[in-house]
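Taken together, the values in this text are just the output of simple stated rules run on the coordinates, not laboratory data. These numbers come from a predicted model, not from an experiment. A quick note on method: Cβ atoms are made from the backbone with ideal geometry, for glycine too, and the neighbour counts reach across all protein chains shown.
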């Protein structure tokens, strides 16, 4: 099974990679549901803010993991194949992440 990289705008992941990403997303989803529950139960503002900060940190960790994998696979492959436009796409992505 050939995985498409950035040039095909699709990427099939290994089972291990898929499970790791989905597990992280499931935890983040649970955190967000927890924040919603706190709002619904009129929790104290700072308690909610602490939980949203934790959810943001978890999402940032997800982004770091996905970005590292992207660079090691799609970006490296495209550079080896002479597809320099991938570097511009990576720079644009990093700029969006750093806002």
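Between 0 and 90 degrees, the angle of helix 15-40 with respect to the longest Cα principal axis of the chain falls at about 30 degrees.
Highest mean first, the peptides 24-33, 89-98 sorted by other C-beta atoms within 10 Å per residue fall in the order 24-33, 89-98.
Rounded to the nearest 0.05, what FRET efficiency do residue 99 and residue 43 give with R0 = 22 Å and r taken as the Cβ-Cβ distance? Could you check? Provide the component values of the computation, followed by the final result.
On the way: r = 29 Å, r/R0 = 1.31.
Step by step, r from the Cβ atoms, then E = 0.15.
Counting only alpha carbon atoms, the long axis of helix 45-70 and the longest principal axis of the chain meet at about 10°. Counting every pair of alpha carbons in the chain, the share spaced more than 24 Å apart comes to 40 percent.
Go ahead and estimate [θ] at 222 nm for the chain from helices alone: -39,500 (n - 2.57) per DSSP H run with n ≥ 4, summed, over the residue count, rounded to 500.
Working: 4 runs with 70 residues, N = 99.
Taking each H run of at least 4 residues, the total per residue is -24000 deg cm²/dmol.
Between the helical axis of 85-97 and the longest alpha-carbon principal axis of the chain there is an angle of about 10 degrees.
Between residue 54 and residue 16, the simple label model (points 7 Å from Cα in the Cβ direction) yields a spacing of 2.9 nm.
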